[in-house]
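Reading through the structure tokens given below for one structure.
The values are calculated or read from the model by the stated rules, or taken from the named source; none is laboratory data. In this text the structure is predicted, and so the values were computed from the model without any measurement. No Cβ is skipped: glycine too gets one built from the backbone with ideal geometry, and neighbour counts run over all protein chains shown. Protein only, heavy atoms only, side chains kept; ligands, DNA and RNA dropped before computing areas. Shrake-Rupley method; radii C 1.70, N 1.55, O 1.52, S 1.80 Å.
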Amino acid sequence: MKSDAELVKTCLKGQKEAFGQLIRRYEKSVRAVALRILGDFHRSEDATQEVFIKAWNKLPSLRKPALFGPWVTKIAKRQALDIAKRQKSFLLLNPELSEALPNSDGQLSSEKRRLIEAVMSLPEKQAQLISLRYFARHNVRDLAQILDRSVGTVTKQLSRAHKRLRTILERDRK
Amino acid sequence: MNPDNNIEKKLEDLANNIGSDDKLVEKVMKQIDASDSPEKHEPMQKIRRIVMNRYSKLAAILAIFMGLAIWSQMGGEVIPSAYALHDSLEAYNSIKWLYVKESHPVGNQTRTSETWLQCDDYGNIIRLRFQTPYCGEPIGSLAIAGSFDSFDAWIQRYNTHLTGYGNPSEIFGFDITELDPKTLLEKLIQQEKAEQIILDFNESTPKNEPRIVTITYPQGSLSQNWKKVLYVDRATNLISKIEKFQKRNDQFILKKTHEFSGYNDQIDLSMFTFDDELPDNVKTIDMSAVEVGLEQGDMTDEEVAAEIVRQFFEAAMTNDFERAGQLYLAAPDYMVKNAFMGANILEISSIGPAYPDTDPDSKAMFCPAKAILEIGGEHYELTANWMKVNVAEETSKTWVICGSSITVKPIAGVN
């Protein structure tokens with residue numbers, strides 16, 4: 001299992017296959033961000049594609065290859081906001097309206113959107129860890145390799161991220 | 001259920017709900033392949049693609065240019081002229097590191113700034129750090145570190161660290177052609193082709209001194225009262241200095257000087273981030289989700305410039321400093337509030353008309369404004385000789401106010 005930094009460096013040498021691995025690794029994280037902002041599966045699918053194309057084009061400007069995850073998530077946030085702006089997305093401006101929308105028709109339930117929001121409000125590295133663990137479904141051993149940390153550190157960091165997520169969700173409920 | 005298991009289950013459910021696209025990799029790769037030109041072997045930034053396209057377009061122009069420039073008549077003597085702008089342009093292809101010092105007079109003082117640039121294999125900027133000890137009120141000292149798609153700004157006076165996504169030169173309203181000679185040269189070659197500038201090559205300076213290229217603007221053009229002088233090193237073809245002048249009362253007055261040095265002297269990469277530089281108690285504001293500026297919509301440039309200035313004063317009038325800050329450099333509300341120093345705007349007396357900046361490197365608009373203020377029970381007239389308004393985001397044509405020249409004086413007979 002190659003780390004993000006290794007994959008980015010390989011991409012920069014012109015080997016596009018490595019970028020495919022990064023796409024698979026972060027597809028769900030990017031989709032989650034797009035979904036939270038756009039509130040719609042179809043538009044978030046298009047946005048995800050655009051985000052990775054943009055990321056490929058901007059890869060040489062990535063200052064820290066190990067931070068590919070947080071970086072691509074930021075691109076996703078910006079891209080989704082741009083799309084929402086262009087399409088005059090009232091969902092973004094009127095969260096109450098989005099609550100009322102049926103979740104059976106291409107929409108994510110408000111509870112799940114709150115959960116994504118909570119994940120995205122975590123410190124960058126914790127959000128990356130949660131995304132890789134649950135969205136990309138990597139086990140702890142893989143995570144340790146991807147993030148170039150020890151298994152023990154990853155376990156502790158995951159536990160802290162869970163705790164923080166619970167606090168955020170409980171605070172939101174109040 | 002163990003709380004950890006509960007949150008894990010929620011996250012797993014969420015992951016199942018997000019869905020995925022089995023063909024995403026294939027679709028993205030297809031688009032990447034389609035956008036790859038034969039000369040592109042690595043992922044490239046948009047700016048680099050533009051440069052490559054310009055090269056191909058330039059090939060034909062340069063062939064003609066070279067033909068015409070082989071001989072030029074100078075001082076009654078025919079001498080060979082080996083130099084043309086494209087020689088410098090080519091020289092910049094191998095430049096990876098560069099230091100720029102800018103100075104410009106403001107009243108009796110000189111303001112300075114420094115910029116460090118890192119360029120990629122094609123000589124285009126990939127990282128920059130800009131810093132100035134004073135960039136005017138209310139900000140004071142300012143440092144920006146960034147790439148073409150993200151930036152960090154450090155405003156010491158407010159112990160504030162802004163971080164965001166976007167082109168720092170657009171957000172902070174400075175023209176990158178002023179700092180990057182390569183981008184400038186590309187622009188000049190295009191402008192020369194479109195007959196928007198007049199180039200004068202002076203090869204008659206002593207051999208140990210730089211050759212001088214003077215750029216003027218045709219009579220009747222917006223920038224007709226401006227002049228630029230480029231000092232080009234004879235050995236390397238790299239630019240060592242650029243002076244920019246504006247004509248006032250038939251005399252050219254020096255407005256700005258950029259000195260370029262440190263070519264290919266490697267810069268420590270830590271210069272391009274604020275890691276370990278910011279105090280522990282710094283206030284960090286993520287600007288990526290902040291609504292910035294005003295979209296142009298159907299308004300003309302003049303109209304949008306006047307409208308954003310009007311909205312800024314209206315917001316300040318109702319103490320909506322958050323909105324005022326969004327319109328003024330996306331500044332946090334407490335900075336804008338501090339800039340007004342407890343003054344209440346009682347009335348907006350006039351706004352506009354807006355007019356374009358004549359500076360050849362600027363796409364900004366200027367808009368004057370007047371307002372009546374109350375400070376401590378006394379009335380004052382605020383005169384904004386100009387509020388500078390610039391496009392901060394090209395896609396949606398979003399404008400922000402990026403500077404102002406304001407004077408405040410008591411209103412005679414009222415206090």
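Which of the residues spanning segment A:9-52 are touching a helix residue (DSSP H, G or I) at 6+ places or on another chain (Cβ under 7 Å), more than 10 Å from chain B (Cβ to nearest Cβ), of a type outside the set (Gly, Ala, Ser) and over 20 Å from residue A:120 (Cα atoms)?
Those that are touching a helix residue (DSSP H, G or I) at 6+ places or on another chain (Cβ under 7 Å), more than 10 Å from chain B (Cβ to nearest Cβ), of a type outside the set (Gly, Ala, Ser) and over 20 Å from residue A:120 (Cα atoms): A:9, A:10.
Among the residues of segment B:125-134 satisfying the criterion of being away from chain A (no Cβ under 14 Å) and buried (at least 17 other Cβ atoms within 10 Å of the Cβ), which is farthest from residue B:269 (Cα to Cα)?
Just the residues of segment B:125-134 that are away from chain A (no Cβ under 14 Å), to begin with: B:130-134.
Checking which are buried (at least 17 other Cβ atoms within 10 Å of the Cβ) leaves us with B:130-132.
Numbers: B:130: 14, B:131: 16, B:132: 19 Å.
The residue in question is B:132.
Would you check if there is a residue in segment B:276-293 being without any contact (Cβ under 8 Å) to a residue 24 or more places away in the chain and among the basic types (Lys, Arg)? Explain how you work it out, then say what you get.
Our first condition is that a residue be without any contact (Cβ under 8 Å) to a residue 24 or more places away in the chain; within segment B:276-293, this holds for B:276, B:280, B:289.
From what is left, the residues that are among the basic types (Lys, Arg) are none.
No, segment B:276-293 contains no residue that is without any contact (Cβ under 8 Å) to a residue 24 or more places away in the chain and among the basic types (Lys, Arg).
Cβ contacts < 6 Å: first residue more than 7 Å from every other protein chain (Cβ to nearest Cβ) and assigned to a helix (DSSP H, G or I), restricted to segment A:77-89; second residue open to solvent by 10 Å² or more (accessible area, probe 1.4 Å) and modelled with pLDDT of 75 or more, any location; separation 6+ or different chain. Result?
Going by the 6 Å Cβ cut-off, the qualifying pairs are A:79/A:50.
Residue B:278 - would you say it is open to solvent by 50 Å² or more (accessible area, probe 1.4 Å) and within 29 Å of residue B:144 (Cβ to Cβ)?
No; evaluated as a whole, the condition is false for this residue.
I need the full set of residues from segment B:233-270 which are within 14 Å of chain A (Cβ to nearest Cβ) and either open to solvent by 50 Å² or more (accessible area, probe 1.4 Å) or assigned to a strand (DSSP E or B) (or both), in order please. Before the answer, list the steps.
Going through segment B:233-270, the residues within 14 Å of chain A (Cβ to nearest Cβ) turn out to be B:267-270.
Once the filter is applied, which keeps residues that are within 14 Å of chain A (Cβ to nearest Cβ) and either open to solvent by 50 Å² or more (accessible area, probe 1.4 Å) or assigned to a strand (DSSP E or B) (or both), segment B:233-270 yields B:268, B:269, B:270.
What helices (runs of 4 or more DSSP H) completely inside segment A:118-174 contain at least 2 residues that are within 11 Å of chain B (Cβ to nearest Cβ), of a type outside the set (Val, Ile, Thr) and open to solvent by less than 20 Å² (accessible area, probe 1.4 Å)?
Values: elements: A:124-130, A:140-147, A:151-173.
In segment A:118-174, A:151-173 are the helices (runs of 4 or more DSSP H) which contain 2 or more residues that are within 11 Å of chain B (Cβ to nearest Cβ), of a type outside the set (Val, Ile, Thr) and open to solvent by less than 20 Å² (accessible area, probe 1.4 Å).
Only one of these conditions is not met by residue B:358: (1) of a type in the set (S, T, N, Q); (2) surrounded by fewer than 15 Cβ atoms within 10 Å (Cβ to Cβ); (3) in contact (Cβ under 8 Å) with a residue 40 or more places away in the chain. Which number is it?
Result: residue B:358 passes all but (2).
Quickly run through segment A:14-42 and pick out the residues that are more than 16 Å from the chain's Cα centre (by Cα) and open to solvent by 50 Å² or more (accessible area, probe 1.4 Å).
A:15, A:17, A:42, listed by residue number.
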